[in-house]
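**Student:** Here it is: the structure, laid out below.
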Amino acid sequence: MSLPFPWKAQVFSTAADGQTQVSVRVFQGERELCRDNKLLGDFNLTGIPPAPKGVPQIQVEFDIDADGIVNVSAKDKATNRDQSMTIAASSGLSNDEIENMIQQAEANAEADRARRETIEMANRADSPKLKSSRKRSPPFVLKP
């Protein structure tokens, strides 16, 4: 019998206006950026009603059972449409690969953190909330 123990849920949204699907990608690793970790699997949640970016609410849940099996699900809160996948324990990394990834994460921690912060700053600058506040603000004028 498999019993779930670690469990996490987080709400995400779309990155573009009118986006009707999202891709959920599951990675294993210790690095800050997904590209530096191992892709375990992915799936698409489709049928999201078109809306401005950031409006749809997609809840993604992860749980890992005692046998190391990972269950991932994504659900559009507006339509209750959902999609899920299961990743077998054997699809992960060997102990040597895990140790190597930990060493790489430690060696690249500062560079990874700086890159993540740059990406987050660009994402915040492009956020709908910031754009709408820019539209309402009067232009800044320098006077001699």
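**Student:** Over all distinct alpha-carbon pairs, what is the Kirkwood Rh of the stretch 4-136 in angstrom?
**Tutor:** Values: mean 1/r = 0.0593 Å⁻¹.
About 16.9 Å, per the Kirkwood formula over Cα pairs.
**Student:** Can you put I102, I48 in order of Cβ neighbours within 10 angstrom, beginning with the fewest? Please list the in-between numbers first.
**Tutor:** Values: I102 13, I48 21.
Neighbour counts put them in this order, fewest first: I102, I48.
Values quoted throughout were computed directly from the atomic coordinates according to the rules given, and no laboratory measurement underlies them. Predicted model only: the values in this text are computed from it and were never measured. Glycine also receives a Cβ, built like all others from the backbone with ideal geometry; neighbour counts cover every protein chain displayed.
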